[in-house]
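One structure below.
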Amino acid sequence: MSFYGVTDLWTYLLGAVGIILLPGPNSLYVLSVATARGVRAGYQGAFGVFLGDTILLLLTALGAAGLLRTHPALFLVVKYVGAAYLTWVGLNLIRAAVQKWRSNSPVVVDSQAAVNAMVANLQQPFRRALVISLLNPKAILFLLSFFVQFIDPTYDTPAVPFLILGSIIMALSALYLSALIFAGARLAQGFSQRKRLSASLSSAVGGLFVWFGAKLATASLS
């Protein structure tokens, strides 16, 4: 028995929760923005993620995963562009964190320059989050392999169960990112007087982005 073409809805919900909770570049970027610039900027980044995820869902429905599978050269281009972008974001965060760490040293007096550098690397959160979300061809393949398990192939209108499944995962993502945003805003209060702690966290996030980039660069379609 299916619910408007969706089979085993509760299993899907459990799986979707697990997927959302897995740390990734989208959630880490939104958390970083909220920590550095507050709730409003955090939601700007979250809306970029929402738009990117929506586009990926639509591409999945239109067969983008199959296109990447049948054209390995296209997959390689998207893969390496995405890896390079994630690495670039990570290195910028690390560089700004180093500047902020040095600004807390008595040898360096221009701490505002380091703060400005850190904020500059988190400017335009909507655009950066959108690009981070889109430049991940593995996400398209994962969405397809996950979604098809819960769509009844005999249902007359396949778009209906696809819309239901997509809406569920988007709603869960919105709740999770909202929690991260407000958690980041709370963390910002503690970091405002602890620049070296803030710099350490930013460098750790930057390192994770570099790792995400390296992981994507070595990803395959299998």
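Where a number appears in this text, it was derived from the coordinates with a stated rule and is not lab data. Bear in mind the structure is a predicted one, so any value in this text is a computation, not a measurement. Methodologically, a virtual Cβ is constructed for each residue, glycine included, from the backbone with ideal geometry; neighbour enumeration extends over all protein chains shown.
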Give me the distance in nm between label points sitting 7 Å out from Cα along the Cα-to-Cβ direction at residue 174 and residue 54, one decimal. 1.0 nm
Given 0.36 nm per residue, what is the gain on full extension from residue 21 to residue 7 after removing their alpha carbon distance, in nm? 2.8 nm
Roughly speaking, what is the stretch gain from residue 167 to residue 146, that is 0.36 nm per residue apart minus the C-alpha to C-alpha distance, in nm to one decimal? 6.1 nm
In what sequence, highest mean first, do 34-47, 11-24, 161-174, 80-93 appear when ranked by Cβ atoms within 10 angstrom? 34-47, 80-93, 161-174, 11-24
